[in-house]
Amino acid sequence: MEPTSIIKLTPDQLQASRGKYVSYAYDLSPQDPFKLFQKTAAYQGQRSFWQTNDGQQTLIGLLPLKQFYNCSIEKIQAFQMNFRANWLNLTPINGQSPRLLGGFAFNLKDQPTSVWHRLENGYFMLPQILFILSAKKAQVVLTTISKANLAVQLQHLQAQIKVILEQKPITEVAQPIKGEELAVTKWLALVKRSVAQIKIGEMKKVVLARQLKVTGEKAFNSATILGRLINQQANTYHFLVEDGETFFIGATPERLIQGTGEKFATASVAGSIGRGQTTIEDIKLGNQLLNDAKNQYEHQIVVDRIKQSLKPFVQTVEVGPAQLLKNHDIQHIYHPIMGKRLPNKSLLSVVKALHPTPALGGEPRATAIAWLASEEEVGRGMYGGPIGWLDLIHDEGEFAVGLRSGVFHQNAGYLYAGCGIVAASVPEKERAETRLKFQPMLRGISDQWILK
Ligand SMILES: C=C(O[C@@H]1C=C(C(=O)O)C=C[C@H]1O)C(=O)O
């Protein structure tokens with residue numbers, strides 16, 4: 001299957017490729033996504049991982065050819081255009097094209113918070129080695145900038161893949177951790193102030209986030225956490241971006257946008273309750289959530305806003321029926337929302353129009369964002385931002401909302417959780433809801449945690 005000599009170019013072709021982005025895609029035998037990721041330990045600090053919520057599609061990116069920090073949507077879009085204009089496809093027929101992996105910040109900050117290191121304002125990478133995996137198929141896309149000897153450049157990448165595939169996957173046992181919810185009193189006071197602000201009619205809803213700090217004896221290992229999240233959190237997107245010693249990781253249930261050739265699909269996910277110990281209790285809790293006036297109200301704000309925001313990009317906005325989105329620790333009210341894509345509407349322009357939805361920002365958006373910027377103590381970094389991938393050639397891709405997540409550096413990690421505040425919010429109840437939302441990450445990091 002793997003070609004022995006990857007490519008033969010004539011001198012003229014070589015000349016034409018000089019300075020251009022070139023890519024070459026080929027098939028591998030099917031791979032177990034996480035096992036393959038474990039085999040890439042030698043590339044730690046230079047990897048990205050993405051898996052869809054049905055577990056059917058996985059992307060693993062290694063060895064950035066390009067890295068983007070301080071990622072405005074415009075900057076990434078400009079790169080996509082530039083790449084397309086300077087790209088040479090060496091794959092004989094069809095084949096996959098190069099993709100960017102990574103995410104945007106919740107909002108761009110002038111003054112970075114140290115816990116995020118270089119990831120504060122978002123991060124994307126263009127991998128030299130990109131694995132695209134589905135249940136039955138594994139493909140790899142090699143991307144490089146053509147220099148004097150392109151064939152050697154590509155063969156060098158191909159040789160690295162061979163080495164990766166021969167590795168033994170290593171599994172590490174998770175370490176015990178200490179956890180501390182940060183600034184709780186201040187946060188409860190902010191909930192109260194926000195409710196007051198809502199009651200005087202300044203806003204309808206604002207989503208407030210807080211942090212839980214975790215500490216281990218030794219540095220956290222991204223692969224260990226990722227493997228546990230994959231095992232524990234079904235029905236969620238699993239994502240990881242690494243930048244040297246810093247990584248952002250999570251298991252989010254919320255799709256922001258999927259763009260295929262034909263459609264744009266998004267979802268409203270808002271309104272939360274725990275899972276039951278028994279099936280009967282679980283159904284009861286689900287029904288309670290679906291019929292609860294406060295949660296219905298919180299949710300409807302999200303549906304209405306998404307409908308408005310998506311409208312200019314699709315033929316007709318279709319809203320599916322209300323459903324429960326059930327995860328390991330929590331369930332939400334959820335509607336699929338989609339429409340047929342109108343011509344000349346880019347995926348990133350939809351990201352810009354949607355983000356942040358009132359599931360993460362608030363309503364009205366500008367007022368809520370201004371309120372968060374002035375009142376929220378800690379920077380959100382990539383928490384709550386769009387995270388996923390973008391095809392550089394076909395303008396297809398998918399972005400989830402980067403929640404149920406945390407940023408890690410050496411032996412410290414900061415988990416984030418937020419919740420929608422409306423006029424009927426009670427601070428202690430909202431704290432309990434955010435506690436529930438820390439659970440997936442705590443469980444993902446360790447079997448043993450002590451909370452201060
Ligand atoms: C903000 C978070 O979750 C969001 C807020 C929800 C809510 O307020 O009910 C539910 C799902 C998410 O859209 C989070 O998990 O941190």
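None of the figures in this text is laboratory data; all of them are computed from the coordinates on show. The structure displayed is predicted, hence computed values, not measured ones. Here the Cβ positions follow ideal geometry from the backbone for every residue, glycine too, while neighbour counts run over all protein chains shown.
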Arranged by the count of other C-beta atoms within 10 angstrom, fewest first, what order do Ser97, Ser29 take?
-> Ser29, Ser97
Describe numerically, in nm with one decimal, the distance between label points set 7 Å from Cα along Cα→Cβ at Thr279 and at Asn82.
-> 5.7
What number, rounded to the nearest 500 deg cm²/dmol, is the helix-based mean residue ellipticity at 222 nm of the chain, given -39500 (n - 2.57) per DSSP H run of at least four residues and division by all its residues?
-> -9500 deg cm²/dmol
In the chain, whole DSSP H helices that both stretch 20 Å or further along their axis by alpha carbon positions and average at least -0.5 on the Kyte-Doolittle scale are 150-166, 184-199
Computed over the chain: relative contact order in percent, which uses C-alpha pairs under 8 Å that are six or more apart | 23
Among the lysines, select those whose C-alpha is under 23 Å from the C-alpha of Lys345, and discard any that sit fewer than 8 residues away in the same chain.
-> Lys75, Lys263, Lys307, Lys311
Around Gly444, what is the net charge, scoring Lys/Arg as +1 and Asp/Glu as -1 over all other residues with Cβ under 11 Å from its Cβ?
-> +1
Taking Ile145, Ile198 and counting other C-beta atoms within 10 Å, the order from fewest to most | Ile145, Ile198
Per the C-alpha gyration tensor (a ≥ b ≥ c, the square roots of its eigenvalues), the chain is rounded if a/c is under 1.5, else prolate if a/b beats b/c, else oblate; here it's prolate
Nearest-0.05 FRET efficiency for Ala424 and Ala42, computed from C-beta distance (R0 41 Å) | 0.20
Taking 0.36 nm per residue of separation and subtracting the Cα-Cα distance, what length does fully extending Ser72 through Lys186 add?
-> 38.0 nm
Starting with the fewest neighbours, write out Met382, Met81, Met125 ranked by other beta-carbon atoms found within 10 Å of each beta-carbon.
-> Met81, Met125, Met382
Would you please put 146-155, 160-169 in order of how densely packed they are, using the mean number of other Cβ atoms within 10 angstrom per residue and starting with the highest?
-> 146-155, 160-169
Starting from the Cα of Gln315, step 7 Å along the direction of its Cβ; do the same at Lys162; then give the gap between the two resulting points in nm.
-> 5.0
If we sort 313-323, 363-373, 412-422 on the protection proxy, mean other Cβ atoms within 10 Å, highest first, what's the order?
-> 412-422, 363-373, 313-323
